[in-house]
1. Restricting to region 36-55, what's the tally of residues that are modelled with pLDDT under 95 and assigned to a loop (DSSP other than H, G, I, E, B)?
2. Scan region 55-81 and report the pairs whose first residue is more than 23 Å from TYR35 (Cα to Cα) and surrounded by 15 or more Cβ atoms within 10 Å (Cβ to Cβ) and whose second residue is among the polar types (S, T, N, Q) and modelled with pLDDT under 85, with Cβ atoms within less than 6 Å and a gap of 6+ or a chain change.
3. Limited to region 1-31, what total is found for residues that are surrounded by 15 or more Cβ atoms within 10 Å (Cβ to Cβ) and either of a type in the set (A, V, I, L, M, F, W, C) or touching a His at 6+ places or on another chain (Cβ under 9 Å) (or both)?
Amino acid sequence: MNTRIIVDSTTDLMPEVKGQVSVVPLTVHFGDEEYIDGVTIDHKSFYEELVETDVHPTTSQATPAAFMTEYEKVRGQRCGDYPVHKAVRHLSERGDRRRGL
C-alpha cells in the first residue's frame, strides 16, 4: 500500500518535494480579481501585484469540495485512507469561546 500526502497551498514545500504530494490550492483575491494559488497566480506574480496595486489581498481556504476531488484522485492509486488535517489554532480558539471554555 502507498501513502499519498495531500496538503493545501499554504504549506511551504521545497521544490523537490512538491512533485511528491498533492496540493489543493487556496483562492487569492485582489479586489474583484480572483486567482487560484499556484495555478493562475505564482509567487512572483503575487508579489508584483502587491507592489503594483494599493488593494490588499485576501485569501479563501481550499474548499472541502477541492479536497474531495483530490481524495477521489488518489483513491484509485491503492493508497491508505488516513486523512490527517493540520489544526488551525485561531479557529479552535473561536470555537472554545463560543462554547464558553
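1. 6
2. Between residues of region 55-81 that are more than 23 Å from TYR35 (Cα to Cα) and surrounded by 15 or more Cβ atoms within 10 Å (Cβ to Cβ) and residues that are among the polar types (S, T, N, Q) and modelled with pLDDT under 85, the close pairs are CYS79/ASN2.
3. Number of matching residues: 7.
The values are calculated or read from the model by the stated rules, or taken from the named source; none is laboratory data. Source: prediction; values computed, not measured. Note that we place each Cβ from the backbone using ideal geometry, even for glycine, and neighbour counts take in every protein chain shown.
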